[in-house]
Amino acid sequence: MSTVLVDAAVASRGVALELAVPSGSVMAVVGPNGSGKTTLLHLVAGLLRPTEGLVRVGDLVLSDARRVAPTHRRRVALLTQRSALFPHLSVLDNVAFAPRAAGATREAARERAVAELTGVGCEALAGRAAHELSGGQAQRVAIARALAGDPRVVLLDEPMVGLDIGAAAELRGILADRLRGRTSLLVTHEALDVWTIADRVAVIGGGRVLETGPADDLLVRPTSHFLAQLGGLTLLAGVGRGGDLELADGRHVQGLSDEAQPLHEGRPGLAGIPPEAVSLHLEPPGGSPRNALPAVVQSLEPRGPVVRVLLDVGEQRLAADVTSQSVAGMGLGPGSAVWAVVKAVQVRLYGR
Amino acid sequence: MSTVLVDAAVASRGVALELAVPSGSVMAVVGPNGSGKTTLLHLVAGLLRPTEGLVRVGDLVLSDARRVAPTHRRRVALLTQRSALFPHLSVLDNVAFAPRAAGATREAARERAVAELTGVGCEALAGRAAHELSGGQAQRVAIARALAGDPRVVLLDEPMVGLDIGAAAELRGILADRLRGRTSLLVTHEALDVWTIADRVAVIGGGRVLETGPADDLLVRPTSHFLAQLGGLTLLAGVGRGGDLELADGRHVQGLSDEAQPLHEGRPGLAGIPPEAVSLHLEPPGGSPRNALPAVVQSLEPRGPVVRVLLDVGEQRLAADVTSQSVAGMGLGPGSAVWAVVKAVQVRLYGR
Amino acid sequence: MIRPPLPRWLALPAAFAAIFLAVPLVAMLVRVPWSRFPALLATSSSLDALWLSLRTCVASTAVCLVLGLPLAVVLSRSHGRLATAGRLLASLPMVLPPVVAGLALLVALGRRAWLGSRLSLLGVDLAFTTAAVVVAQTFVAMPYLVVTVEGALRSAQDDFDVVAATLGASPTTVLGRVTLPLAAPAIASGTALAFARALGEFGATLTFAGSLQGTTRTLPLEVYLVRETDTDAAIALSVVLVAIAVVLVAVTAVLGRRQQVRR
Amino acid sequence: MIRPPLPRWLALPAAFAAIFLAVPLVAMLVRVPWSRFPALLATSSSLDALWLSLRTCVASTAVCLVLGLPLAVVLSRSHGRLATAGRLLASLPMVLPPVVAGLALLVALGRRAWLGSRLSLLGVDLAFTTAAVVVAQTFVAMPYLVVTVEGALRSAQDDFDVVAATLGASPTTVLGRVTLPLAAPAIASGTALAFARALGEFGATLTFAGSLQGTTRTLPLEVYLVRETDTDAAIALSVVLVAIAVVLVAVTAVLGRRQQVRR
Amino acid sequence: APTSGAAPPPPARLVVFAAASLSDAYGSLGRTFEAEHPGVTVVFSFDGSSTLVDQLTSGAPADVFASADQANMDKATAANLLSGAPALFATNTLTLIVPAGNPAGITGLDSSLAGKKLVVCADGVPCGSATTTLAKQLGVTLKPVSEETKVTDVRAKVETGQADAGIVYVTDAKSSGSKVDTIPITGADTVRNNYLVGVVATSKQAALASAFVSLVTGPEGRTALAAAGFATP
Ligand SMILES: Nc1ncnc2c1ncn2[C@@H]1O[C@H](COP(=O)(O)OP(=O)(O)OP(=O)(O)O)[C@@H](O)[C@H]1O
Ligand SMILES: Nc1ncnc2c1ncn2[C@@H]1O[C@H](COP(=O)(O)OP(=O)(O)OP(=O)(O)O)[C@@H](O)[C@H]1O
Ligand SMILES: [Mg+2]
Ligand SMILES: [Mg+2]
């Protein structure tokens, strides 16, 4: 059991955080700059002493105001914003560091390191020195290094930062795969990271945990401004069928399959639909949009310049952001029957 | 005149870059990890010696294979991925560094520093030490520091990396404002950066400049896979009118105004429209989408799973990504008259 | 941030080292005839020696900084044969027994020597002057500054100098505002080492500069002379040297602390 | 990456410093009676002294590393009064004139001394043995290692130790695989300093260990003795010391270069 | 014992603590003694007399102690470091030396020294005390530019021409050979520096030590000492 429980304050930073990460779940941590995300990770890693409260992993109290268990005994891997590869070791030895520290033989450690490097697509860089890597390469190696130690809790502080879209997508896939079932805290600013990698989200603001819950729920019903700004994607769950996602009621959702986590035939999957891509029609439209789903308006919620319309689509939730003029023009209200129309190219299908 | 001309090779890195940045224009540099973006910036900053070729700014040859003008004489500011604030100086003195180095008195330099810090919203941090900042704060201070020296050429290597969405948007506005008319090279992975900050784009791949051109053109007609992946936005130019963007033919485009660079009444502006948000209809549709523009198909171009349809909309270009099934279903071909429909919430309006 | 702790076992050899260094010093203090101490110190020869030592050490430490710091910086950035030769040169005087160092100075800068005789013609006559003491102290002390600072500069991994250059800082500005301030702890300890070595310097001074009260007889020379007749008195005078060192190190520590705080 | 160049004017004081250090050494080499050199070196007393010097210096440098390195690491991470006291202690022996250092050792560890007499009872009799030479050399040389390494460790700005701890490295592993390797250049120069100081050590050895051929008469003591009768011969023997130093520094440079390449 | 650079002591190992200025003379006497006493090794520790007394006081394991002056021998006897009375075995007198060729044109302890660089031993060390006494007897006032702690340093300064003249022992003038010219001081022999030798009280081989003292004070000793320039009583 490696449930992480943080209920700790750091007075000097104006931070008082209360958070539980269930064993085996991946918790995304989002929030504005300076809100205390890094502070949270440092509390878990034992790099900060709480002035009050405690940090627990499983049944063990790792930190309280009096005692802080040393970082190296926590089996908590921390991947920092800067890759911080050891400059005196080769890429291979950097990655082999954690297994070696855990007592593996040099050969076993190197073998493991090669495997991890392969996992991030950097096996060809094994012999290089740290300073011979580009920023992106270094970050990938750092990820391999953090994972090579089989940590009980993985802490990731904006690991995608500095990666190009292609590399980030690739890494997202790798992390989703490798972190699954491993208690993790992932600080990110990307909605996509949250819902492809994480099970749960915690929103931090002004040194407090503002809300926390299942990633899917919070992304569908973002209750904080920050989450909304992250661009909550609506997720529809279903099963892969002929390249589409088949919903429980048999309807198909068409979309583009993600390359890093493709949808597989007969296997469960998700359709990620950005609310702003969903348009509402009173009649099923003709034209290019391939996805037209019958829906019932559940609620209307003004959000600044737009109105978020929550829809019931075959027992699942779908959000649509439309202008208030549209709402007025169509005379929408709870209970209205509409067609939710979304272009296939705006839907991304993920295997889970 | 500070036109930047690079025509240089670095053999050991397998890089041979040819690029011209017209004086006063902001050139975005995009490309995958390891493609040579940082190398390009280092060539301009005089931190790398070309093994062949030269680097020129204005009429001055700054680097060739024999001679490299020293970095400090180039008046070329480089903002690196890591903020690299001087650890022994306060935030204020970090920002005052460049004016001081240029000979300003301590008072003048500090005054300037305060102004720059205010520009990035960090004036309250002036008295802090560098290590007392969060990652995001440090990056903002670093940007203030780079701008405080009034450089002839500004080089930015992924400056937004590590900032949350809110802060990044704010900085994007600041950079768009401050870099305007200043010869700059901006390495980024974000399409939004390219078209809000840059005039021109260079796409780099495998150590070569693959294409270069006006940012608007290249984003409308991305010719490289990488640019397409960046998510080329279509831009429609017009004038602010009653909160909408009025096109030359009098039609209005509705959208959400960008907070950092809002559209002003009677002033020129742009509408950014993601091609995947544009759906094509044979009849003008009813429903929530507020923007329905009559268009004529110019060309069809298959791009992997989707087809990019280039449209002529009142003499301007608009791209729509639709599935090939839609193309077939609607029987589209060059010359077809269609309605390009896009939801207002997917359109962003920017003042320019 | 909590830095990872040091291994506990490290305390054992460290404590042993501290005890090893402390025992002789304590034994010395115990041996000092404290009752005679004020009288011993108040003699004109002791006071002259003390004052001369302070003056010459400040002067030679200043020369070490003015000449040695540039040498350290240049060496830290040099590569190849010439750099190796320079590093060699900078550390050789440390290995010479002080008396031999004094002899070497004598055959180089003495009145009859090639260089010394030419200096004489220019009216510069070092022989038996306080300036000769400073030369001797500088010769033996400078290597400690150079080696310490060069090592620290060479192991600095950062690119702050590059960042400074992109901000328009000339090489001089980079040096003065970035490179040297960042190396401040090493410069402080190098300076302390050099001052300490100059303060304790004895053989080279004796051999090269001579020993005349008020002119060339520094405190260590006075100690050595007094010891011929009175060992306890010599130990008492040595305690003064130790006291100066204590003050010196305390000042360095305070400066170092202030530096630490600024970071 | 092209590092920003150093200011040109820096070459002037640096060159002056190099010349200042070089001239006495060159003058010494010129003065050596090269024709008598082989004969001088081949005497049993010279060979004994050379061999003894090498043995004792290796031993005392090893002791310096084993004890001094832990002390340096502990001090670099300590704060407050005790740390200041420790730093003080670690640098005091440098300031003592060597003869006084020898006296201090004698009053602490001599047969009649408090500690020495207790050691005697345990059958450990240091006085006038080769072990006494090692003790004297260690006492005067260790501070150079401690101060150099401590300064470098304290100015290291990085968080690599934190990173290592998050990767599960115990404090011992962090020390051995991260902290010390990263400080390798400083440790190398500190070790070279300590070795050099031990090799040139003379006053403390003479006073504490005596000057018995083959047992305690190291090369500097032999130089001292030879000088009683023949100054030129003394200079010739000193050249051997210089030669050893050259080899030492050359080896350090090669090791340093290798380290550089790995980065 | 944890370390002892020397092998386990041979049946007879005679340790002689002697003033450094005796190194040449005693070196050859040691070889003579070893030849006369097979199986015996003579080991010398040469240093300044005062250092040797300090070492003996601290319990240094010596058999014979030879001092270069009366004062240090008195210190040793006062501390009961010796068994029996020490024996006078050599004397040394002062002389004036100048660099070879006498560039400054010194003629003696007279007006020729005015404005010249004269180096002497400091009062307090044996040769310095002797110099002071001699100057007082001769009624001259010396204006040295340096008062050295060791006579060797006076010699070195004259040899290198750093000083124009120096007052040293005749034995030093002799070891300097052709590098200096000697200008005898008339009346110098009235001030003698005495070399004394005695058996150390803690010696475990007093008989052998006495034998060495006898050698030094005997005819062979005289020859060797005279060869080094000492006067013998
Ligand atoms: N070393 C430090 N000393 C003092 N205060 C600090 C330190 N590091 C951060 N803080 C402060 O603590 C608060 C929380 O900072 P933290 O680094 O946890 O934010 P963050 O959410 O990680 O921000 P970012 O997204 O910029 O990385 C901020 O107010 C910050 O200024
Ligand atoms: N210091 C170096 N020494 C040798 N090769 C290097 C060095 N830095 C980068 N390279 C190599 O040069 C090529 C270009 O690297 P560069 O850093 O310019 O890429 P980049 O486009 O900036 O990548 P990223 O997006 O990861 O920062 C890569 O193949 C890289 O491996
Ligand atoms: Mg953070
Ligand atoms: Mg890069």
Qualifying residue in the stretch E:12-35 (condition: more than 21 Å from the chain's Cα centre (by Cα) and under 26 Å from D:D125 (Cα atoms)): yes
Checklist (1) of a type outside the set (G, A, S); (2) modelled with pLDDT of 90 or more; (3) away from ligand 3 (no atom under 16 Å from the Cβ) applied to A:Q137, failing item: (2)
Among the residues listed as D:S46, D:S60, D:S76, the single one being modelled with pLDDT of 85 or more and touching a Leu at 6+ places or on another chain (Cβ under 6 Å): D:S76
Exclusive hit being more than 7 Å from every other protein chain (Cβ to nearest Cβ) and modelled with pLDDT of 85 or more, set D:L65, D:L40: D:L65
Which listed residue, of A:V76, A:V120, is of a type outside the set (S, T, N, Q) and within 14 Å of chain B (Cβ to nearest Cβ): A:V120
Single match in A:R140, A:R145, A:R100 (criterion: crowded, with 22+ Cβ neighbours inside 10 Å, within 12 Å of ligand 2 (Cβ to nearest atom) and of a type in the set (D, E, K, R)): A:R140
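Conditions tested, residue by residue: (1) farther than 16 Å from C:G168 by Cβ; (2) part of a helix (DSSP H, G or I); (3) more than 16 Å from ligand 3 (Cβ to nearest atom).
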| position | (1), (2), (3) |
| --- | --- |
| B:V6 | yes, no, yes |
| B:E18 | yes, no, yes |
| B:G24 | yes, no, yes |
| B:M27 | yes, no, yes |
| B:G53 | yes, no, yes |
| B:L62 | no, no, yes |
| B:L85 | yes, no, no |
| B:D93 | no, yes, yes |
Residue match in the stretch B:314-323 (condition: over 13 Å from B:P275 (Cβ atoms) and of a type in the set (S, T, Y)): no
Qualifying position, being within 14 Å of chain A (Cβ to nearest Cβ) and surrounded by fewer than 24 Cβ atoms within 10 Å (Cβ to Cβ), among B:S35, B:S90, B:S2, B:S12: B:S12
Condition check for A:A69: more than 16 Å from ligand 2 (Cβ to nearest atom), in the same structural domain as A:V141 (by TED's automatic domain parsing), of a type outside the set (S, T, Y) and within 22 Å of the chain's Cα centre (by Cα): no
All helices (runs of 4 or more DSSP H) inside the stretch D:70-134 with 2 or more residues being more than 8 Å from chain E (Cβ to nearest Cβ) and charged (D, E, K, R): D:80-95
Residues located in the stretch C:13-37, provided they are within 16 Å of D:V146 (Cβ to Cβ) and loosely packed, with under 14 Cβ neighbours inside 10 Å: C:I19
Residue ID - surrounded by the most Cβ atoms within 10 Å (Cβ to Cβ), chosen from residues in the stretch E:113-129 that are more than 7 Å from chain C (Cβ to nearest Cβ) and either within 18 Å of C:T218 (Cβ to Cβ) or touching a helix residue (DSSP H, G or I) at 6+ places or on another chain (Cβ under 9 Å) (or both): E:C121
Subset of the stretch D:1-31 that is in a helix (DSSP H, G or I) and of a type in the set (V, I, T) - its residue that is farthest from the other protein chains (Cβ to nearest Cβ): D:I19
Scan of the stretch E:163-211 for residues that are more than 21 Å from the chain's Cα centre (by Cα) and assigned to a loop (DSSP other than H, G, I, E, B), ordered by number: E:A163, E:D164, E:T186, E:A201, E:T202, E:S203, E:K204, E:Q205
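Those residues that are at the interface with chain A (Cβ under 7 Å from one of its Cβ atoms) and outside any strand (DSSP E or B), I need them from the stretch B:310-346; list them, please.
Matches in the stretch B:310-346: B:Q325, B:S326, B:M330, B:K343, B:A344, B:V345, B:Q346.
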Filter result (more than 10 Å from ligand 1 (Cβ to nearest atom), more than 7 Å from every other protein chain (Cβ to nearest Cβ) and surrounded by fewer than 24 Cβ atoms within 10 Å (Cβ to Cβ)) within the stretch A:38-53: A:P50, A:T51, A:E52, A:G53
Test: residue in the stretch B:101-109 that is assigned by TED's automatic domain parsing to the domain that holds B:T188, in a helix (DSSP H, G or I), away from ligand 4 (no atom under 16 Å from the Cβ) and closer than 25 Å to B:A176 by Cβ: no
Filter result (in a helix (DSSP H, G or I), touching a residue at least 24 places away in the same chain (Cβ under 8 Å) and basic (K, R)) within the stretch E:113-162: E:R155, E:K157
Any pair with Cβ under 6 angstrom, 6 or more apart, that starts in the stretch A:120-144 at a residue that is within 16 Å of ligand 4 (Cβ to nearest atom) and ends at one that is of a type in the set (G, A, S) and part of a helix (DSSP H, G or I): A:G136/A:A167
Neighbours by Cβ (under 6 Å, 6+ apart or cross-chain): first from the stretch C:38-54, surrounded by 14 or more Cβ atoms within 10 Å (Cβ to Cβ); second assigned to a helix (DSSP H, G or I) and of a type outside the set (G, A, S): C:A49/C:L219; C:A49/C:E222; C:L50/C:L219; C:S53/C:L219
Pair list, Cβ < 9 Å and 6+ apart or interchain, from the stretch C:189-207 residues that are at the interface with chain D (Cβ under 7 Å from one of its Cβ atoms) and closer than 12 Å to C:M94 by Cα to residues that are basic (K, R) and surrounded by 24 or more Cβ atoms within 10 Å (Cβ to Cβ): none
The one condition in (1) away from ligand 1 (no atom under 16 Å from the Cβ); (2) more than 7 Å from every other protein chain (Cβ to nearest Cβ); (3) under 23 Å from B:A138 (Cα atoms); (4) buried (at least 21 other Cβ atoms within 10 Å of the Cβ) that B:R106 fails to fulfil: (4)
Subset of the stretch B:233-255 (residues that are assigned to a strand (DSSP E or B) and surrounded by fewer than 19 Cβ atoms within 10 Å (Cβ to Cβ)): B:A237, B:V239, B:R241, B:E246, B:H252
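The values are calculated or read from the model by the stated rules, or taken from the named source; none is laboratory data. Since we're looking at a predicted model, the values are computed, not measured. As a convention, Cβ positions derive from the backbone with ideal geometry for all residues, glycine included, and neighbour counts pool all protein chains shown.
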